[in-house]
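Each value in this text was obtained by applying a stated rule to the coordinates, not by laboratory testing. Note that this is a predicted model, so its numbers are computed, not measured. Cβ placement follows ideal geometry from the backbone for every residue including glycine, while neighbour counts extend to all protein chains displayed.
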Number of protein chains: 2
Amino acid sequence: MDESSNHQSTGSMPYLIGISQILGVAALAVTGTWMSHYRGGFSWSGPLQFNVHPLCMVLGMVFLCGDSLLVYRVFRHETKRATKILHGVLHIMALIISLIGIIAVFQFHKSSSIPDMYSLHSWVGITTFTLYLLQWILGFIMFFVPGVGFAYRTKFKPLHSFFGASLLVAAIASCLLGITEKLLFSIPKDYSKMVPEGILANSLGLLLVAFGAVVVYVLTREEWRRPPLPEEQALSIDFKTLTEGESPTEP
Amino acid sequence: MDESSNHQSTGSMPYLIGISQILGVAALAVTGTWMSHYRGGFSWSGPLQFNVHPLCMVLGMVFLCGDSLLVYRVFRHETKRATKILHGVLHIMALIISLIGIIAVFQFHKSSSIPDMYSLHSWVGITTFTLYLLQWILGFIMFFVPGVGFAYRTKFKPLHSFFGASLLVAAIASCLLGITEKLLFSIPKDYSKMVPEGILANSLGLLLVAFGAVVVYVLTREEWRRPPLPEEQALSIDFKTLTEGESPTEP
C-alpha cells in the first residue's frame, strides 16, 4: 500500500496543468479584448458597467475556481495545511470577484430599466452561484473549523470534490449562455455574417470549454490524486483502526 | 479483495437512477410540449422541420446517451457481454436519432436561407457531435472488434469513460445554448416579460442540467462501479499475473 502511494507517476499531468493555465489566461485575455475593443471598455457607472460582469465571472467563477481545484494536484508534496489554505485563499478571491461581477450586472439592469432574472443564463447563473455559496460555507465549516470529526470530513470530502468540479462546469455553461445572449443583443443582424466580434466571442466559448475539460480531466485521474504524506498516512491508518477495528497492516 | 468487491452497497444508487429517469422523461415531455404547443408541431418539410431538431437532440444526445452510460451501473450483475451489447444498442439509437436531428436543422436552414454554423450553439454542438462520432468509432474498434489486446482495452477504458461523461455534459451545454437562441429568435420581446413559453423553456434547461448532474454523480461514485463477476475476476487476475509478473493473491 505504502509502495503504491509513494511511487506515483504524474505522467502528463504537468503538461496538462500548463495547458489549462494557457487556456485560462487566453480566455481572460479574449474576454478583456471583447469588452474593451468591441464593447467600449469598463466603468462602474453607466452602460459600461455591464462589461465588468463577464470579466469578473470568467476570472472568479471559472479561472480562480478552476485553479483552486487544481491546488491539491499541483502542490502535491506540500503539507495538507498549506494546500488547504491556498485552496481557501483562491476561493475567497473567487467569491469576492464574482460577487462584484453579479452586483455590476444587477446595478446595470436597474439603471437601464432592464428586467432581471428572466433568461436561462440568469437562472443557471444564479443557481450556480447560490450552490457555490452553500459549498463555500459547508466547506469552511467542515474543513477549516476545528473540532469537526475526522470521520465526518472523510465522508463529506468526495461530495465536496464532486460539487466543486460540477459547479465549475455549471459556471462555464453559464458563461456560454451569457456569450450567446450578449451577441444576440449586441450584434443581432451581424452575428450570422461571421463578423470578427462573433468569431472572437465564440472562440471564448470554446476556450472556456477546453479549460473546463482539462481541469476536470486532471481532477478525475485517480492516479494523480494527492498522496497522503507519511505522517498523514500513519494518522489516518491509526484512526481507521480505532473506528473500524481493522488492522493497519491489512490491505 | 474478493470480499470488498462482492460486498458492494449500492446505497442511494437505485433512487438516483430512478430520479435520473424521471428528469430525462420530463425533459423529453417538456421539449415535445414546447415544440408542439408553442411552435406549431412537427413536420419533415417547411418551417416546422426545425422542431424535429430539439426533440431529436434531447432524445439522442442527452437521454439515450445518458442511459447508455448508466447501463454498467443498472445491470451490474449481468454478464459483461450483455451489458456491452445494451450499451452499444443504445448508442446506435442515439447516433441515428441525433443524426436525424442534425439533418433536420441543416435542411431547414437551407430551405429558409438561414446561414449555417455561425453561432456558439452550432460550434459547441458540431464539435460535440464530431467527438461523439470519434468516440463511437474508437469505442467500437477497441471493445467490439475481436482481437484487441486486453492490455490496450484496460488502458483505453478510463479515457473512454471520461470522454463519454464529458460528451454528455457538452451535449447538455449545447442544448442550453440552443434553448437560449431559440427563445431570443422566437419571442425576443416577450422573453423578458416572463411569458409561459420562456418559463417552460428555461425549466427545460434546468431539467437537462439536473439530469446530467445525477447521471455523472452516479457514474463517478467509485463504490458503485460494476464489480467484475467471479469468472471475469479470475480471468483478469490471471492476465495480470502473466503480463506484470504479480502474484494474484497479493492485494
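With label points set 7 Å from Cα along Cα→Cβ, the inter-copy distances at B:G149 are 4.9 nm, sorted shortest first.
Treating r as the C-beta distance of A:I187 and B:W136 and R0 as 35 Å, the FRET efficiency rounds to 0.45.
The order of A:L208, B:L99, going from fewest to most other C-beta atoms within 10 Å of their C-beta, is B:L99, A:L208. Taking other C-beta atoms within 10 Å as the exposure proxy, B:W123, B:W44 rank B:W44, B:W123 from fewest upward. Angle check, please: helix A:150-186 long axis (alpha carbons) against the longest principal axis of chain A (alpha carbons), in degrees 0 to 90, nearest 10. Computed tilt is about 10 degrees.
Inter-copy label distances for A:H37: 4.5 nm (label point placed 7 Å from Cα along Cα→Cβ; shortest first). Over the C-alpha atoms of the protein assembly as shown, the Rg to Rh ratio, Rh being the Kirkwood estimate, stands at 0.98. Put simply, the C-alpha atoms of the stretch A:12-244 give a gyration tensor, and the ellipsoid matching it has half-axes of 38, 19, 14 Å, longest first. Relative to the 2.2 N^0.38 Å rule of thumb, the stretch B:1-99 has a C-alpha radius of gyration ratio of 1.39.
Across the stretch A:127-139, rounded Karplus estimates of 3J(HN,Hα) from the backbone phi angles (6.51 cos²θ - 1.76 cosθ + 1.60, θ = phi - 60°) give 4, 4, 5, 5, 5, 5, 4, 4, 4, 4, 5, 4, x Hz, Gly and Pro being marked x. For trypsin sites (Lys or Arg not before Pro), the sites in the stretch A:181-231 that DSSP calls loop and that have at most 13 other Cβ atoms within 10 Å are A:K189. Across the stretch B:126-146, no residue has a backbone nitrogen under 12 Å from the label position 7 Å along the beta-carbon direction of B:E231. For B:H160, inter-copy separations between label points set 7 Å beyond Cα along the Cβ vector come to 3.5 nm, shortest first. Give the lysines whose C-alpha is closer than 23 Å to that of A:K80, dropping any in the same chain fewer than 8 places away, or say none. Result set, ordered by chain and number: A:K155, A:K157, A:K240.
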